[in-house]
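In what follows, a single structure is set out as structure tokens and then discussed.
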Amino acid sequence: MTFELREYQKNIINSVLKNGNSLVILPTGTGKTRTVISLVDILLRQGFIKRVLFLADRRELARQAFDNFKEHLPNQSRERIETNNFQKDKRLYVSTYQTMMSLLKKTDISQGFFDLIIADESHRSIYNYYGHLFLKFDALKLGLTATTIDLIDR
């Protein structure tokens, strides 16, 4: 990795490693994506995971996440899933919720294909229509949000 993590980011990573499925709540601009990229790096290097799916609710956010993975994990194979076809030999996948839901309707993907699913802006997705994505796969789940706990409870 080419950047130094802040103490709170290290604490988040340690908490996820200790507790498993987690929801990371941090204000916008404090490094949620950067933190999970470091977590992914650790898990890949230690052999705990093989394939990661990063989900975003908009194409632009998916593109930004893909670019961040490319910059900070340049040696990991990756793909943006934008259609109903994708290569199954990559380590890192980035997609929108909408594209993945469409893909699941048309393609059989094993429940164990992804080892880690990262849900960006998870407060918009996990309790609604896209919740099926998290039930389908037997994977570690990590939600990211900048929304406060009070608003999530609503």
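The values are calculated or read from the model by the stated rules, or taken from the named source; none is laboratory data. Not measured: the values here are computed from a predicted model. Positions of Cβ are backbone-derived with ideal geometry, glycine not excepted, and every protein chain shown enters the neighbour counts. Accessible surface is based on the protein model in full, side chains and every heavy atom, while ligands, DNA and RNA are left aside. Shrake-Rupley method; radii C 1.70, N 1.55, O 1.52, S 1.80 Å.
Annotations for the structure displayed:
- Residue with peak Gaussian network fluctuation, the chain [Cα springs, cutoff 10 Å], from SER110, SER38, SER15: SER110
- When only Cα pairs below 8 angstrom with a gap of at least 6 residues are kept, region 1-131 shows a relative contact order of 26 percent.
- Using the 1.4 Å probe convention, the accessible area of region 1-119 works out to 53 Å² per residue with neighbouring protein chains retained.
- The charge dipole of the chain, taken about the Cα centre with unit charges on the Cβ atoms of Lys, Arg (+1) and Asp, Glu (-1), comes to about 280 debye, rounded to the nearest 20.
- Ranking GLU4, GLU121, GLU60 from most to least accessible surface, computed with a 1.4 Å probe over the protein chains only, gives GLU4, GLU60, GLU121.
- Considering only GLN76, GLN98, GLN87, the mean-square fluctuation computed in a Gaussian network model of the chain, springs between alpha carbons under 10 angstrom, is largest for GLN87.
- Taking every DSSP helix (H) stretch of at least 4 residues in the chain, weighting each as -39,500 (n - 2.57) and dividing the sum by the residue count yields a mean residue ellipticity at 222 nm of -12000 deg cm²/dmol.
- The shape of region 23-147 comes out rounded: with a ≥ b ≥ c from the C-alpha gyration tensor, a/c is under 1.5.
- Apportionment of accessible area to carbon and sulfur, region 1-143, percent (1.4 Å): 45
- Taking other residues whose beta carbon is less than 14 angstrom from the beta carbon of ASP138, and scoring Lys, Arg as +1 and Asp, Glu as -1, yields +3.
- Length gained on full extension, LYS50 to SER77: 8.6 nm, using 0.36 nm per residue less the C-alpha separation.
- Rounded, prolate or oblate (a/c below 1.5 giving rounded, otherwise prolate when a/b exceeds b/c) for region 51-117 by Cα gyration tensor: oblate
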